[in-house]
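See below for the structure under consideration.
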Amino acid sequence: MKISRIGRSRAFVFLAMAVALVFALSGIAYALTATLHAAHVGADSEDWGDPMADDGGLTEPVVWHFVLNGLDPDTEPATLSVVFQDAGAKQATGIPVGNGSTQHFYIGTPAHDILLSGSAEVASESYNQLVLSHVALNEEGPPGDDDEEPPGDDDDEEPPPGDDDDELPPPGDEEEPSLPFTEEEEEESLPFTGAELVVLLGAGLAATTGITLRRISK
């Protein structure tokens, strides 16, 4: 029995659709979701922080480094999605190393934070684990963690006004300057004293008496 030309065309269309469906199903099978290792859910960057750790070239104060391994060789870069308590949701693209079976992810936050969840979409038949490798701290940790003393604790502060030991004495407590003349000096400068007056009166009386006697004798 001969197959008509129309029948062959229909058979070819159905075959093409079947092949496309197979490839589509294969693509779905290869798109896996790798979830974050349960032990690392709730990780606090203050506990994981390491100033010497690799920051992946990021400049944020806190850099979280994730690793996904056990992938098929030459796996395309995966997409990592994580959620932090303060910074919220963030994403990063994987960096394949070696033959592509391991990928690294770096995500920065502006300050210390807590990791709530994480997962990666990857085109691989299988994976091993998605883990938090470490947390890098740039410039001695995020803002607010320095050891600066609060204002007002400086030992070199100037004392408040009024506590200076070198203050001038209050007005009126100064010694009066020496007067140019004292009372004794003024007394010594008098032309006559009481004794001198008596002597002068006595001398005058004697002189008067002598004159009177001379006149009587004549």
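Every number in this text was worked out from the coordinates using simple rules, so none of it is lab data. Computed from a predicted structure; not experimentally measured. Don't worry about glycine lacking a Cβ; one is built from the backbone with ideal geometry, like all the others, and counts go over all protein chains shown.
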Between residue 32 and residue 126, what is the label-point separation in nm under the 7 Å Cα-to-beta-carbon projection?
0.7
At what distance in angstrom do the alpha carbon centres of the range 91-111 and the range 33-78 lie from each other?
7
Between residue 53 and residue 41, what length comes free when the chain is fully extended (0.36 nm per residue of separation minus the Cα-Cα distance, one decimal in nm)?
2.3 nm
